[in-house]
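**Student:** Structure provided below as structure tokens; questions to follow.
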Amino acid sequence: MDLQLAIFDLDGVVVDTAKYHYLAWKRLGETIGIAFHEEDNERLKGVSRMRSLDILLEIGGQKRTDEEKARLAEAKNTWYVEYITQMDASEILPGVLDFLDELKSAGIKISLGSASKNARTILERVELTDYFDLIVDGNLVSKAKPDPEVFALSASLLDIAPQSAVVFEDAQAGIEAALRAQMVAIGVGDEHTLAQAHYVITGFASFGLQDLLRILPA
Ligand code: BG6
Ligand code: MG
């Protein structure tokens, strides 16, 4: 395959923001009487803000009007933003910087493909914005993963065929989105959870461009 584009999910691939999402949802849960545990948080990976709220309400057996839901999601986001504005470059996951440098030197385009509306804030905080040729985030797409829109848009805006793109994702919904976009899907995390992916890596600490080129289809 003629590799021209690498698309990265943000939360859980480039930085570990899942812990901040968790803290903010837990805090919201406490204010409305819903106990939210760390294992519940797995269900929120890759999922949009409003869908995450629905899952929290489902856990607590609560029903809310759309207006109330908008207010609750806003409260969660305010807390989440408080956490992420404290982030710095030390929170970039191991090996990510070296890998991005390798891609850049090889002339491979780099795009972000994230569901988060806070993606730009996070990239700024961890000083990664300049690495990205394109940022496609939750403000730009209307259909959430597993819809392929977020990845397909990266390829079309950069005028690159989907078949020349590879996606790095830590969520099942993201792997499905990458496959539906006809891209190579690389799971980052647990090989059982991400079994649908073409290939699964544990992270970038011992994974570089040469490893990627070895596993890509001919
Ligand atoms: C995804 C996260 O990247 O973004 C989800 O994995 C999160 O947990 C979603 O809900 C939306 O993020 P935000 O920052 O717009 O609330
Ligand atoms: Mg993710």
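The values are calculated or read from the model by the stated rules, or taken from the named source; none is laboratory data. Since this is a predicted model, take the numbers as computed values, not measurements. Because the Cβ atoms are built from the backbone with ideal geometry, glycine has one as well, and the counts that use them run over all protein chains shown. The area values use the complete protein model at the heavy-atom level, side chains included, leaving out ligands, DNA and RNA. Shrake-Rupley method; radii C 1.70, N 1.55, O 1.52, S 1.80 Å.
**Student:** Of everything in the stretch 157-183, what is away from ligand 1 (no atom under 16 Å from the Cβ) and either small (G, A, S) or on the phi > 0 side of the Ramachandran plot (or both)? Give them in sequence order. Break it down into steps so the answer makes sense when it comes.
**Tutor:** Taking the stretch 157-183 first, the residues away from ligand 1 (no atom under 16 Å from the Cβ) are 157-166, 179-183.
Once the filter is applied, which keeps residues that are away from ligand 1 (no atom under 16 Å from the Cβ) and either small (G, A, S) or on the phi > 0 side of the Ramachandran plot (or both), the stretch 157-183 yields D159, A161, S164, A165, A181, Q182.
**Student:** I'd like to check something: does the stretch 142-156 contain any residue that is surrounded by fewer than 17 Cβ atoms within 10 Å (Cβ to Cβ) and away from ligand 1 (no atom under 16 Å from the Cβ)?
**Tutor:** Yes, the stretch 142-156 contains a residue that is surrounded by fewer than 17 Cβ atoms within 10 Å (Cβ to Cβ) and away from ligand 1 (no atom under 16 Å from the Cβ).
**Student:** Moving on. Of the numbered conditions (1) part of a loop (DSSP other than H, G, I, E, B); (2) more than 9 Å from ligand 1 (Cβ to nearest atom); (3) surrounded by 15 or more Cβ atoms within 10 Å (Cβ to Cβ), L97 satisfies every one except a single condition; which is it?
**Tutor:** (1)
**Student:** Within the stretch 1-22, which residues are more than 13 Å from ligand 1 (Cβ to nearest atom) and either more than 12 Å from F168 (Cβ to Cβ) or in contact with a Cys (Cβ under 9 Å, 6 or more places away or on another chain) (or both)?
**Tutor:** Within the stretch 1-22, M1, D2, L3, Q4 qualify.
**Student:** While we're on this one: Does at least one position in the stretch 103-116 carry a residue that is modelled with pLDDT under 95, open to solvent by 20 Å² or more (accessible area, probe 1.4 Å) and not β-branched (V, I, T)?
**Tutor:** Within the stretch 103-116, one or more residues are modelled with pLDDT under 95, open to solvent by 20 Å² or more (accessible area, probe 1.4 Å) and not β-branched (V, I, T).
**Student:** Also, quick follow-up: For E102, state whether it is away from ligand 2 (no atom under 13 Å from the Cβ) and not assigned by TED's automatic domain parsing to the domain that holds N41.
**Tutor:** It is true that E102 is away from ligand 2 (no atom under 13 Å from the Cβ) and not assigned by TED's automatic domain parsing to the domain that holds N41.
**Student:** For the subset of the stretch 23-48 comprising residues that are at pLDDT below 95 and within 9 Å of ligand 1 (Cβ to nearest atom), which member is most open to solvent (accessible area, probe 1.4 Å)?
**Tutor:** By that ranking, first place goes to K45.
**Student:** Which members of the stretch 29-54 meet the condition of being among the aliphatic types (A, V, I, L, M) and within 18 Å of the chain's Cα centre (by Cα)?
**Tutor:** Residues of the stretch 29-54 among the aliphatic types (A, V, I, L, M): 32, 34-35, 44, 47, 50, 53.
Correct list: L44, V47, M50, L53.
**Student:** Please indicate, with yes or no, whether at least one residue in the stretch 63-78 is open to solvent by less than 80 Å² (accessible area, probe 1.4 Å), out of contact with any helix residue (DSSP H, G or I) (no Cβ under 8 Å at 6 or more places or on another chain), free of Cβ contacts under 8 Å to residues at least 60 places away in the same chain and within 24 Å of A6 (Cβ to Cβ).
**Tutor:** Initial filter on the stretch 63-78 (open to solvent by less than 80 Å² (accessible area, probe 1.4 Å)): 64-65, 68-70, 72-73, 75-78.
When the remaining residues are screened for being out of contact with any helix residue (DSSP H, G or I) (no Cβ under 8 Å at 6 or more places or on another chain), the result is 65, 68, 70, 78.
Those left that are additionally free of Cβ contacts under 8 Å to residues at least 60 places away in the same chain: 65, 68, 70, 78.
Now restrict to residues that are within 24 Å of A6 (Cβ to Cβ): none.
Within the stretch 63-78 (the criterion being open to solvent by less than 80 Å² (accessible area, probe 1.4 Å), out of contact with any helix residue (DSSP H, G or I) (no Cβ under 8 Å at 6 or more places or on another chain), free of Cβ contacts under 8 Å to residues at least 60 places away in the same chain and within 24 Å of A6 (Cβ to Cβ)), the answer is no, since none of the residues qualifies.
**Student:** Filter the stretch 37-63 down to residues that are under 23 Å from S142 (Cβ atoms) and not aliphatic (A, V, I, L, M), then give me how many there are.
**Tutor:** Total meeting the criteria: 8.
**Student:** Please go through the stretch 107-125 and give me each residue that is within 15 Å of ligand 2 (Cβ to nearest atom) and not in a strand (DSSP E or B), ordered by number.
**Tutor:** Result: S114, A115, S116, K117, N118, A119, I122, L123.
**Student:** A further question on this structure: Residues A152, A218, A177, A144: which one is of a type in the set (A, V, I, L, M), over 22 Å from M1 (Cα atoms) and not in a strand (DSSP E or B)?
**Tutor:** A144
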